[in-house]
Amino acid sequence: MLERLGAAVREVRLEKDLAGLDGLVIPGGESTTMGRLMEEYGLFAPLQAFGRERPILGTCAGLIMLARRTTEGSQPLLGLLDITVRRNAFGSQVYSFEGLVELDLSGNGQPETYPGVFIRAPWVEEWGPGVRVIARCEGRVVGVEQGLLLGFAFHPELTKDTRIHEYFLRRVSACVGGA
């Protein structure tokens, strides 16, 4: 999706891969495995430092990884977003679904509809005072913003709708002194 919008992208697997990046996407996947690999490869401190200075977009498991807490179990988390996330909140893999999301990127209180793809998706149970709720589905919080960080419980990259990625790229550009 980011390449389609003209952004240069590369995978990050090691700390050295963060060098020169203006923004980062932490994608979906299996959050406990992601946490173990981040620990094994010494990525926690570098990712935390990156998230204090540059924009990060977390989707599904990426949202979980950005969270400060989860409601069940314990796993390594980056703790950058002041939120509590319920993992697999909408149910197991067989309950994955597509549903309309109320998305408010402008902050004007007039949400637009967005096609959400939810795969074993989390939702946000609690959020701190510095967190802005920007997306809801079925009354549940599925998108938040705090400072340079964006987190969504669904997979915007699996739709044709580019609004979320465009918003992220505008934030990246603004952070590095662009438009």
Quiz item: So which residues in the stretch 120-150 are under 20 Å from Ser92 (Cα atoms) and either crowded, with 24+ Cβ neighbours inside 10 Å or in contact with a strand residue (DSSP E or B) (Cβ under 9 Å, 6 or more places away or on another chain) (or both)?
Solution: Ala121, Pro122, Trp123, Val124, Glu125, Arg136, Cys137, Glu138, Arg140, Val141, Val142, Gly143
Exercise. Could you please let me know if Pro76 is open to solvent by less than 40 Å² (accessible area, probe 1.4 Å), over 17 Å from Arg136 (Cα atoms), out of contact with any Asp or Glu (no Cβ under 7 Å at 6 or more places or on another chain) and not basic (Lys, Arg)?
Key: no
Quiz item: Out of the stretch 1-37, which residues are closer than 24 Å to Arg69 by Cα and of a type in the set (Gly, Ala, Ser)?
Solution: Gly23, Gly28, Gly29, Ser31, Gly35
Practice problem: Among what's in the stretch 77-135 and is among the basic types (Lys, Arg) and part of a strand (DSSP E or B), pick the residue that is farthest from Ile26 (Cα to Cα). | Solution: Arg132
Quiz prompt | Matching entry among Gly29, Gly42, Gly35 (being more than 21 Å from Glu166 (Cα to Cα) and over 17 Å from the mean Cα position of the chain (by Cα)) | solution = Gly42
Practice problem: Any chance you could count how many residues in the stretch 140-159 are in contact (Cβ under 8 Å) with a residue 40 or more places away in the chain and not in a strand (DSSP E or B)? | Solution: 8
Quiz item: Which condition breaks for Arg68 when tested against (1) surrounded by fewer than 20 Cβ atoms within 10 Å (Cβ to Cβ); (2) modelled with pLDDT under 95; (3) not aliphatic (A, V, I, L, M)?
Solution: (2)
Quiz item: Restricting attention to the stretch 46-67, which residues are among the β-branched types (Val, Ile, Thr), in contact with a Phe, Trp or Tyr (Cβ under 9 Å, 6 or more places away or on another chain) and over 14 Å from Leu148 (Cα atoms)?
Solution: Thr59
Practice problem: Please find, within the stretch 1-59, the residue that is most open to solvent (accessible area, probe 1.4 Å) out of those that are at negative phi, among the small types (Gly, Ala, Ser) and assigned to a loop (DSSP other than H, G, I, E, B). | Solution: Ala8
Quiz item: Tell me, which residue of the stretch 151-179 that is among the aliphatic types (A, V, I, L, M) and buried (at least 23 other Cβ atoms within 10 Å of the Cβ) is nearest to Gly107 (Cα to Cα)?
Solution: Ile164
Quiz item: Does Ser96 satisfy being of a type in the set (S, T, N, Q), in contact with a strand residue (DSSP E or B) (Cβ under 7 Å, 6 or more places away or on another chain) and open to solvent by 40 Å² or more (accessible area, probe 1.4 Å)?
Solution: yes
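The values are calculated or read from the model by the stated rules, or taken from the named source; none is laboratory data. Only a predicted model underlies this, so the values are computations on that prediction, with no experimental measurement involved. For neighbour counting, all protein chains shown are included, and Cβ atoms are generated from backbone atoms with ideal geometry for every residue, glycine included. The area values use the complete protein model at the heavy-atom level, side chains included, leaving out ligands, DNA and RNA. Shrake-Rupley method; radii C 1.70, N 1.55, O 1.52, S 1.80 Å.
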